[in-house]
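Asks: I have a structure here, written as structure tokens, and I will follow up with some questions on it.
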Amino acid sequence: MDAGKLDTRIEIKRLTKSADNFGGFTSTKATHVTLWANKKDKSGEMITQNSQRKFELKTLFTIRKKSADQISLSDTIQIVGDSDEYRINSKFDSVHKYYTVLEGIKLVWVHRLN
């Protein structure tokens, strides 16, 4: 892949704990790293379960391998300037050209059947 195709700015969000004023902790998502990626929508899937119908969109994010070493599967992806979050489903390291492909799933909508 040509480095010029990395045209989408993404933020990797990680769940962190911060102290509150009452001696406890609050969990929030904070930006772990910001990097460039190539975004490609792969497929969509309609799922019916628990009397709900939902539509999930699978998207592939190609990033540089050295940047991907800091990312875990529990992190989420957010495109800069967009409010939607993608849950990282898998991570594939390609030896060729030193790139990594992250597969993210975004919940597009949910419809209750009853």
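The values are calculated or read from the model by the stated rules, or taken from the named source; none is laboratory data. These figures come from a predicted structure and were not determined experimentally. Positions of Cβ are generated from backbone atoms using ideal geometry, with glycine treated the same way; all protein chains shown enter the neighbour counts. All accessible areas refer to the heavy atoms of the entire protein, side chains included, with ligands and DNA or RNA removed. Shrake-Rupley method; radii C 1.70, N 1.55, O 1.52, S 1.80 Å.
Asks: Would you be so kind as to identify which of Ala30, Thr76, Tyr98 lies farthest towards the positive end of the dipole of the chain, taking Lys and Arg as +1 and Asp and Glu as -1 on Cβ and the Cα centre as origin?
Replies: Ranked along the dipole, the leading option is Tyr98.
Asks: With runs of 4+ DSSP H residues as the only contributors, calculate the mean residue ellipticity of the chain at 222 nm using -39,500 (n - 2.57) per run, divided by the residue total and rounded to the nearest 500. Display every interim value, and only then the final one.
Replies: Details: 1 runs with 4 residues, N = 114.
The helix-only estimate for the chain comes to -500 deg cm²/dmol at 222 nm.
Asks: Over 30 Å between Cα atoms: which of Lys17/Lys40; Lys54/Lys91; Lys65/Lys106; Lys29/Lys65 fall into that group? Spell out each step's value before the answer.
Replies: On the way: Lys17/Lys40 32 Å; Lys54/Lys91 24 Å; Lys65/Lys106 23 Å; Lys29/Lys65 23 Å.
Violating the 30 Å Cα-Cα cut-off are Lys17/Lys40.
Asks: Which whole-percent values make up P(r) of the chain when all C-alpha to C-alpha distances are grouped in 5 Å steps starting at zero?
Replies: For the chain, the pair-distance distribution reads 2, 11, 19, 20, 16, 12, 10, 7, 3, 1, 0.
Asks: Probe radius 1.4 Å, ligands and nucleic acids left out: which of Arg14, Arg112 has the largest accessible area, and how do the rest follow?
Replies: Details: Arg14 70, Arg112 135 Å².
Largest to smallest exposure gives the sequence Arg112, Arg14.
Asks: How much FRET efficiency would the formula 1/(1 + (r/R0)^6) give for Asp41 and Asn21, where r is the Cβ-Cβ distance and R0 is 35 Å, rounded to 0.05? Display every interim value, and only then the final one.
Replies: Working: r = 43 Å, r/R0 = 1.23.
Approximately 0.25, to the nearest 0.05.
Asks: May I pose another question? So with the 1.4 Å probe, I'd like the accessible area per residue for the chain, rounded to whole Å².
Replies: 66
Asks: Counting Lys +1, Arg +1, Asp -1, Glu -1, what net charge surrounds Ile88 among other residues with beta carbon under 12 Å of its beta carbon? Kindly include the intermediate steps, with their values, before the conclusion.
Replies: On the way: positive: Lys13, Arg14, Lys58, Arg87, Lys91, Lys106; negative: Asp75, Glu85, Glu103.
For residues surrounding Ile88, the net value is +3.
Asks: Taking R0 as 25 Å, what FRET efficiency do you get between Asn89 and Arg112 from their Cβ-Cβ distance, rounded to the nearest 0.05? Numbers along the way, then the final one.
Replies: Working: r = 25 Å, r/R0 = 0.99.
Calculated transfer efficiency: 0.50.
Asks: Same structure, new question: Taking 2.2 N^0.38 Å as the expected size of a compact globular protein, what ratio does the Cα radius of gyration of the stretch 16-77 give against it, to two decimals?
Replies: Details: Rg = 17.0 Å, N = 62, 2.2 N^0.38 = 10.6 Å.
Normalised Cα radius of gyration, the stretch 16-77: 1.61.
Asks: Let me ask something else. Take the solvent-accessible surface of the protein heavy atoms, probe 1.4 Å, and return the percent of it on the chain that carbon and sulfur atoms account for.
Replies: Answer for the chain: carbon and sulfur cover 49 percent of the accessible area.
Asks: Now a separate question. How large is the accessible surface of Phe25 in square angstrom, using a 1.4 angstrom probe and rounding to the nearest 10?
Replies: For Phe25, the solvent-accessible surface is approximately 150 Å².
Asks: How large is Rg over Rh for the stretch 1-40, taking Rg from the Cα atoms and Rh as the Kirkwood inverse mean of 1/r across Cα pairs? Walk me through the intermediate numbers first.
Replies: Values: Rg = 16.0 Å, Rh = 12.4 Å.
Ratio value, two decimals: 1.29.
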